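Asker: If you scroll down you'll find the structure; I have some questions about it.
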Amino acid sequence: MRDIIGQDAIKREMCRSVQQGRIPHAMLLSGPAGVGKLPLALAFAQYLACKHRTDTDACGTCPTCMQYSKLQHPDLHFAFPIVKVDKGPEVCDDYMADFRTMVLANPYCDANDWTQTMGAEKKQSLIYEKESSEIMRKLALKSFGDGYKVMIIWQPEKMNATCANKLLKLLEEPPAMTVFLLVSEHPEMLLPTIISRLRPIAVPRLSDEQIEAALRNRQPAVGTQLAKDAARLAAGSYREALRLLDSEDRDKQLFAEFQELMRNAWLVGVRKNYDALQKLNDWAMIMAKDSSRERQCAFLQFAQRMIRENFIYNYGEPALNYQTTEQQQFSVKFAPYINERNIEDLTQQFAQAEAQIMQNANARMVLFDLCLQCIVLIKR
Ligand SMILES: [Zn+2]
């Protein structure tokens with residue numbers, strides 16, 4: 001429990017239910033991605049198994065705790081969605097090593113992390129019928145110690161119908177000394193008959209302060225402002241905050257390019273500075289020559305986002321504004337140039353350039369045309 005960010009009320013309630021021997025057969029931990037549902041399920045399982053637990057946590061050092069912390073206790077079982085490959089993996093156990101590595105590296109992992117880990121971004125992952133036999137087989141095993149067996153079902157909404165019905169039967173007549181922990185971002189996709197057999201635990205979003213502290217704890221080298229920004233933009237998800245920190249470098253570069261483009265368009269359009277026109281021409285040439293199409297499109301998408309953010313910035317509603325501090329500083333001067341008279345056309349020009357580049361148009365011409373449009377539109 002000690003490594004989990006926030007969620008104190010849930011931790012307290014979990015500990016209390018174990019101490020008082022009111023252990024539910026089945027719980028549903030639901031909530032947005034990256035708020036700690038899986039870490040809570042794992043911590044609860046460990047707390048339940050540890051013989052030396054305190055009022056607030058497992059001891060963390062006994063042999064049972066050691067096995068749990070490596071996700072290798074024989075009474076701890078998992079089911080999760082997998083991608084089936086011809087003559088390849090069929091059940092979760094075939095993927096267990098990968099799953100373990102991912103969860104140990106980041107217990108706040110989400111569905112995207114898992115499809116990436118499996119190398120299956122474009123394929124559908126499911127919990128197949130065969131898994132339900134696996135679940136039954138594992139729960140029929142004699143427990144290793146004299147404690148509970150725990151079955152953690154991650155993303156149970158991905159069970160196919162047969163599997164879901166078999167699980168329902170298990171929940172209707174739960175095997176003795178067994179706890180099911182279902183961990184779901186989409187509980188609305190579960191059968192109502194299954195939900196009615198689960199004790200619900202709604203896991204809420206984290207606060208900005210909790211996320212910021214956790215980021216600085218994990219990466220002490222990260223700057224205060226970066227951590228603050230990532231925490232604010234992550235909307236309560238620690239996973240998202242980590243992702244934002246990773247993408248920070250790329251965005252910084254895109255932002256520098258966006259600033260440069262807009263500054264030069266302004267210089268030509270408003271100040272009649274024709275050196276800046278040459279710079280725009282150079283930019284289009286270099287971008288077309290040196291950047292991949294993906295990179296060009298990434299820039300054009302980023303620019304559309306910036307245009308939108310600067311338009312919103314004018315309304316002085318910080319809660320609606322998703323910009324880093326550096327971006328906001330630029331907006332102080334730049335945002336007034338994005339207004340009702342040009343927002344639609346500007347956005348459309350960038351979107352059109354993106355579409356043309358996707359269709360293999362001549363990138364240099366598309367990008368330079370875009371510069372000319374910006375020169376005209378930014379004056380409006
Ligand atoms: Zn222990």
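All of the numbers you see were taken from the coordinates with simple rules; none came from a lab. Just so it is clear, the structure is predicted and the values come from calculations on it, not from any experiment. Positions of Cβ are generated from backbone atoms using ideal geometry, with glycine treated the same way; all protein chains shown enter the neighbour counts.
Asker: Could you tell me the distance between the Cα centroids of the stretch 126-161 and the stretch 34-112, to the nearest Å?
Answerer: 13
Asker: Suppose the chain between Glu340 and Ala256 were pulled fully straight at 0.36 nm per residue; how much longer would it get relative to their current alpha carbon spacing?
Answerer: Working: separation 84, 0.36 × 84 = 30.24 nm, distance 2.48 nm.
Result for the pair: 27.8 nm of gain on full extension.
Asker: Please identify, among Asn273, Asn106, Asn314, the residue showing maximal mean-square fluctuation in a Gaussian network model of the chain using a 10 angstrom Cα cutoff.
Answerer: The residue with the greatest mean-square fluctuation here is Asn273.
Asker: Have a look at Tyr274, Thr178, Ala161 and report the one farthest towards the positive end of the charge dipole of the chain, computed about the Cα centre with Cβ charges (Lys/Arg +1, Asp/Glu -1).
Answerer: Thr178
Asker: Using Cα-Cα distances under 8 Å and only pairs 6 or more residues apart, what relative contact order does the chain have, in percent? It would help to have the intermediate numbers written out before the result.
Answerer: Details: 499 pairs, mean separation 65.3, N = 380.
It rounds to 17 percent for the chain.
Asker: Still on this structure, I have one more. If I model a spin label as a point 7 Å beyond the Cα along the Cα-Cβ vector, how far apart are those points for Cys62 and Glu129 in nm?
Answerer: 4.2
Asker: Let me ask something additional. List the lysines whose alpha-carbon lies under 23 Å from that of Lys166, not counting same-chain residues fewer than 8 positions away?
Answerer: Counting by Cα, and skipping residues close in sequence, Lys166 has these lysines nearby: Lys84, Lys130, Lys138, Lys142, Lys149, Lys158.
Asker: Suppose the chain between Ala235 and Ala120 were pulled fully straight at 0.36 nm per residue; how much longer would it get relative to their current alpha carbon spacing? Walk me through the numbers before you get to the answer.
Answerer: On the way: separation 115, 0.36 × 115 = 41.40 nm, distance 2.69 nm.
Extending this stretch completely gives an extra 38.7 nm.
Asker: Still on this structure, please answer the following. Could you state the angle between the C-alpha long axis of helix 161-172 and the longest principal axis of the C-alpha atoms of the chain, as a value from 0 to 90 degrees rounded to the nearest 10?
Answerer: On a 0 to 90 degree scale, this one is about 40.
Asker: Using the beta-carbon distance between Asn106 and Ala9 and R0 = 35 Å, what value does 1/(1 + (r/R0)^6) give for FRET efficiency, to the nearest 0.05? Numbers along the way, then the final one.
Answerer: Values: r = 24 Å, r/R0 = 0.68.
That gives a FRET efficiency of 0.90.
Asker: From the phi of every residue in the stretch 332-337, what ³J(HN,Hα) in whole Hz does the Karplus formula 6.51 cos²θ - 1.76 cosθ + 1.60 yield, where θ is phi - 60° and glycine or proline is x?
Answerer: 3, 8, 7, 3, x, 7
Asker: Under 12 Å from the Cβ of Pro24, count the other residues' Cβ atoms, weight Lys and Arg +1, Asp and Glu -1, and hand me the total. Mind dumping the intermediate values first?
Answerer: Working: positive: Arg22, Arg197, Arg199; negative: Glu13.
After counting each charged neighbour, the total is +2.
Asker: Taking a label point 7 Å from the Cα of Arg22 along the Cα→Cβ vector, which residues of the stretch 37-52 have an amide N closer than 15 Å to it?
Answerer: Label zone hits: none.
Asker: Roughly speaking, what is the centre-to-centre gap between the stretch 274-301 and the stretch 222-248 when only Cα atoms are used, to the nearest Å?
Answerer: 29
Asker: How far, in degrees from 0 to 90, does helix 8-19 lean away from the longest principal axis of the Cα atoms of the chain, to the nearest 10?
Answerer: 10
Asker: Straight-line reach only, C-alpha to C-alpha below 18 angstrom: list the aspartates and glutamates that Lys169 could link to, leaving out same-chain residues fewer than 8 apart.
Answerer: Straight-line reach from Lys169, under 18 Å: Glu129, Glu131, Glu134, Glu157.
Asker: With θ set to phi - 60° and the Karplus curve 6.51 cos²θ - 1.76 cosθ + 1.60, what are the ³J(HN,Hα) couplings of the stretch 146-151 in order, to the nearest whole Hz, using x for Gly and Pro?
Answerer: Running phi through 6.51 cos²θ - 1.76 cosθ + 1.60 with θ = phi - 60° gives 10, x, 7, 9, 10, 10 Hz.
Asker: Quickly work out the Leu141-to-Gln359 label distance, labels modelled 7 Å from Cα along the C-beta direction, and quote it in nm with one decimal.
Answerer: 5.8
Asker: If you plug each phi of the stretch 305-310 into the Karplus form 6.51 cos²θ - 1.76 cosθ + 1.60 with θ = phi - 60°, what whole-Hz ³J(HN,Hα) values come out, in order, with x for Gly and Pro?
Answerer: 5, 5, 4, 4, 4, 6
Asker: Rounding to the nearest 20 debye, state how big the charge dipole of the chain is about its Cα centre with +1 on each Lys and Arg Cβ and -1 on each Asp and Glu Cβ.
Answerer: Details: 47 positive and 46 negative charges, 64 e Å.
I would put it at about 300 debye.
Asker: Separate question: Could you tell me the calculated FRET efficiency between Glu90 and Thr224, based on Cβ-Cβ distance and R0 = 56 angstrom, to the nearest 0.05? Intermediate results must be reported in sequence, preceding the final value.
Answerer: Working: r = 49 Å, r/R0 = 0.87.
Efficiency, from the Cβ-Cβ distance: 0.70.
Asker: In deg cm²/dmol and to the nearest 500, what is the mean residue ellipticity at 222 nm of the chain if only DSSP H runs of at least 4 residues count, each as -39500 (n - 2.57), divided by the residue total?
Answerer: Working: 16 runs with 209 residues, N = 380.
After summing the helix terms and dividing by the residues of the chain, the value is -17500 deg cm²/dmol.
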